[in-house]
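Below you'll find the structure, written out as structure tokens, and then a few comments.
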Amino acid sequence: MEKKLITLIVNDIEYELYINPKTLLVEAIRDHIGLTGTKRGCETVSCGACTVTIDDMAVKSCSVLAIQVDGRRITTSEGLEKNGVLAPIQKAFLDEGSYQCGFCTSGMLMSSEAFLKETKKPTEEQIKEAIEGNICRCTGYNSIVRAIAAVAKGKYAEVKS
Amino acid sequence: MNKYTVINPHEPFRVLNTHVHNIDGIAKVTGRATYTFDVKLPGMLYGKILRSPYPHAKIIKIDFSKAMEIPGVIAVVTGKDTLGVKQGIWRRYKDLCDEQILPVDKVRYIGEPVAAVAAVTEEIAEKALDYIEVEYEELPATFEPLDAIKKDAPEIHEGFERNINVTRHIEWGEVEEAFEEAEYIREDWFKCGGQAHMCMETRAAVSSYTPEGKITIYSSNQSPYYMQGLMAGVLGMREGDIRVLSQYVGGGFGGKFELDGAIFCSAILSMKTFKPVKICYTREEDFIATKRRTPMFYYTRTGVKKDGTFCAREAKVFTNGGAYTGMGATALYLTGFFHSFPYRWKGYRYDGYRVYTNTLPSTSMRGFGAPQAMWCSEQQIEWIAADLGLDPIEMRRKNSHYEGYVVPGQATIASCGIDQCYDEIRTWIKSKGKLPKDRSIGISACGFMSGGIFNWFDSPYSFSSAVVTVNNDGTVELHVGCQEIGQGSNTTMAIICAEALGVKVGDVKVHSGDTDHCPADLGAWGSRQTLMAGNAVKMASEDAKKQLLEFAYAQSGLNIVYDLDIKDSWVHAIARPERGETFEALVKRATRGKDGQRIVGRGYYTPHRKGMISPAYSYMLQGVEVEIDEETGKIRLLDSMTAHDCGQPINHLGLMGQLEGAFSMAAGYGYLEYMPFEDGKMMNPNLVDYKMIRSTEMPPANIAEIDTYEPEGPYGAKEAGEGLTNPTAAAIGNAIFHRFGVQMKECPVRPEMIVNALKEKAEKDKEAKKK
């Protein structure tokens, strides 16, 4: 298959990639760009470890081809922190202990981030549904739900001076 | 009888049990943590493994010449490229070392490695597998232990009569006499399913062999020292020429402390090519070709008095060992021991048989045989209470272990908070009031070990070791061999070190997961690290502190009745805390005083005279509130309550996470994680069909922490996080029993089983009415 030149904007940086059209977005991010925070845990779009946001929408990056998102803005877990300052959801994960082995964490953070952007006052049920596509084998999820709820309640809102 | 007050001689604490973030936390929430899955080395090749499609077959011939013609394929290896060493983690017992990983002459389960390819890309390696021609001679196969044990069953390993791999006998007291005293005897057969570890990071390894004759192996594992020792055996190398690195590990749960195909095949390929070779299992490979929780058939017979006093129990267990031994031998032992827990029996007898079959090998998994033991025990006890019309909580309570109890010939219980656990569970049940018609509550009790005292691996080293090095600026390097796999051991060790040395957690850098630089340690299994590595770290830290205080004493000129201490990095006389100096100032002086040598503290731990099983035991009660749809049999968990005695908590946040996580895995074992096999083939090796707890299935997890003081543990700590995998399946079973009066004897409980049980019951009730 003929290789294609595409541009992905990942974490505000433009990457020009010359890739096989079969390349999955997760492969482009991990193997071509070299950002390994995004993980893979299955081949069946079931585990959510590869979740990123594309224009603020949570997407399992093993379910789309890189060429399908040519020119789009993609955020991975590495893009949440800005200039060394952690995003609210990252701080909340630290405070609540919402990760253990950490392998699902990047995907879990991105699902949470997208959900928090679109849902302002979520119920616990809504939070649980938002991360239903992400498997965590370690935590039992409740600490993740607590972290998302804490951010939604504004615990980590910046104090504007 | 067993009420007591906790007196912890080490209090008050400065660091211990305060709110501490996991020290690996920032790396994990920013995507910086690099797992074996992420390792990429210059010139690295990618490996893939060809697997047996047959459950039992002789390998007649392997021809890989066509595969080698594919551009990009660099090497193919088979069993003939290995030393053919039969290895196993029970190194002391040659009979139990039975797995070659790349077998030379026959395969014993579907998915067993047959050959491995290294190529410039994973895609080419995968394609090359199709071009390897293997000629097999199929052999008759056997899949269930009760078939494999029959006289005419096919022989899986030469010389193992009736395919019996290991037997275990545990006995104490006068069993027959105790049964004679019993006024009520009940016997039941149970079937316990397997369970996949399902670590989010599948088995992965990168091996790099160089012309010096040394090999570096990045691997996702629970015990770098075991990997080093086992690899030395199979490669015919010295341990010291093998470096195993595992900084971040994406979960273990008992499935990653034996050699796996990724580690072994990547090493063999790297030795052939002198290039780094990476092998990552697909999820399907991780399901069909690793190991699993041991499926068991359980017969248990229990005798009690009419007032509910326990007299005697005997159990016979046949486990599905699968094709190889692995850690299954230990699971066979521990299931027998914990089947007695947490109760006192005048007579107890257990006979376990681990039987080889042509299926995926079974092994340790979180709970280590105890979840199966409790599935049977805790349901049968509930039924006995119902049969006799007794309160199931009070009946359990009056028969439970207590502080100071001796399990005859097996263990001494130095700390035990189970009595308070019963109170907590009762309070929770009361708080629920009258339940709606479709809901019910089930409870289950258990206890668990804090590390095994056995050394079947034949390690010449202490079970745990630690080295504390104090830098001139007051920062501390802590080198440990215990392995961080997500359970938070690095943080636990940093907390213990900071508490003992009198510094802050942020001053301590923990070095682990590297056999070149860290002391040997048996690793992360059997709930051993907090107690064993924790003791080693405490000792090393106290050693360093003592050396530092010698310089402080020499300078202070105080009457020797006054003693000095370090807290919050402040060195001071205990009687006059305002008088003192900073930790950093003392370190600088002490370093000068030692002619510039850094202060180094050393610590180690090996249990001695602690019985047969473990130095300490945790205790717990689990309650679940369950809703069941009568039409479909679908189970929903609505609420849960855990009362847990782990001695002195070290890391509050970590402890809560461990308990919640253990509960979710245990609940999955109870009603979701079904692993069906047909003719040796796993029928659902993917995350669409293998069901497990997701966020929407997880109920609230209420937790009551019962503080006790365990004299053998560091600062009084003992097990947390594995034991709670044990009681939940039975608690769910008991909730089903209380709702419908049906007795579920097989786990996981699937909806159709409930529907069928209700049908059967309805028919029986009808029959009874007719009569």
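If only one of B:I268, B:I263 is closer than 18 Å to B:D38 by Cβ, assigned to a helix (DSSP H, G or I) and of a type in the set (V, I, T), which one is it?
Sole residue among the options that is closer than 18 Å to B:D38 by Cβ, assigned to a helix (DSSP H, G or I) and of a type in the set (V, I, T): B:I263.
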- Message: Looking at region B:543-557, can you tell me whether even one residue there is among the hydroxyl-bearing types (S, T, Y) and under 26 Å from B:N490 (Cβ atoms)?
- Response: no
- Task: Collect the residues in region B:557-590 that are out of contact with any strand residue (DSSP E or B) (no Cβ under 7 Å at 6 or more places or on another chain) and more than 18 Å from B:A498 (Cα to Cα), keeping them in residue-number order.
- Result: B:G557, B:N559, B:I560, B:V561, B:D563, B:A575, B:R576, B:P577, B:E578, B:K588, B:R589
- Going through region A:21-41 in order, the residues found to be under 26 Å from B:E201 (Cβ atoms) and either exposed (fewer than 15 other Cβ atoms within 10 Å of the Cβ) or not assigned by TED's automatic domain parsing to the domain that holds A:Q68 (or both) are A:K22, A:G34
- Those helices (runs of 4 or more DSSP H) completely within region A:68-159 that have 2 or more residues that are crowded, with 24+ Cβ neighbours inside 10 Å and in contact with a Gly (Cβ under 6 Å, 6 or more places away or on another chain) are A:105-118
- Task: Confirm whether B:T302 is assigned to a loop (DSSP other than H, G, I, E, B), out of contact with any Ser or Thr (no Cβ under 7 Å at 6 or more places or on another chain) and on the phi < 0 side of the Ramachandran plot.
- Result: no
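Can we say B:T412 is in the same structural domain as B:Y671 (by TED's automatic domain parsing) and of a type in the set (V, I, T)?
For B:T412, the condition - in the same structural domain as B:Y671 (by TED's automatic domain parsing) and of a type in the set (V, I, T) - is met.
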- Task: Mind listing just one residue for me: the one in region B:201-229 that is in contact with a Cys (Cβ under 9 Å, 6 or more places away or on another chain), farther than 27 Å from B:N455 by Cβ and not in a strand (DSSP E or B) and, of those, nearest to the other protein chains (Cβ to nearest Cβ)?
- Result: B:E201
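Within region A:141-156, identify whether any single residue is touching a strand residue (DSSP E or B) at 6+ places or on another chain (Cβ under 7 Å) and farther than 19 Å from B:L655 by Cβ, and answer yes or no.
No, region A:141-156 has no match at all.
Scan region B:95-107 for residues that are part of a loop (DSSP other than H, G, I, E, B) and either surrounded by fewer than 18 Cβ atoms within 10 Å (Cβ to Cβ) or modelled with pLDDT under 95 (or both) and jot them down. Before the answer, list the steps.
Of the residues in region B:95-107, the ones part of a loop (DSSP other than H, G, I, E, B) are B:97-98, B:100-105.
If the condition is that a residue be part of a loop (DSSP other than H, G, I, E, B) and either surrounded by fewer than 18 Cβ atoms within 10 Å (Cβ to Cβ) or modelled with pLDDT under 95 (or both), then B:V104, B:D105 are the ones that fit.
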- Looking at region B:75-94, is at least one residue surrounded by fewer than 21 Cβ atoms within 10 Å (Cβ to Cβ), of a type in the set (D, E) and under 27 Å from B:N221 (Cβ atoms)? yes
- Given (1) surrounded by fewer than 20 Cβ atoms within 10 Å (Cβ to Cβ); (2) within 27 Å of the chain's Cα centre (by Cα); (3) more than 8 Å from chain A (Cβ to nearest Cβ), where does B:P42 come up short, assuming only one miss? (2)
- Selection from region B:260-309 of residues that are under 25 Å from the mean Cα position of the chain (by Cα) and under 30 Å from B:A386 (Cβ atoms): B:R293, B:T294, B:P295, B:M296, B:F297, B:Y298, B:Y299, B:T300
- Looking at this structure, is B:K346 free of Cβ contacts under 8 Å to residues at least 40 places away in the same chain, among the charged types (D, E, K, R) and more than 26 Å from B:G252 (Cα to Cα)? no
- Message: Take B:Y54 and tell me if it is in a loop (DSSP other than H, G, I, E, B), modelled with pLDDT under 95, away from every other protein chain (no Cβ under 14 Å) and under 31 Å from the mean Cα position of the chain (by Cα).
- Response: no
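The values are calculated or read from the model by the stated rules, or taken from the named source; none is laboratory data. Since this is a predicted model, take the numbers as computed values, not measurements. Cβ: placed from backbone, ideal geometry, glycine included. Neighbour counts: every protein chain shown.
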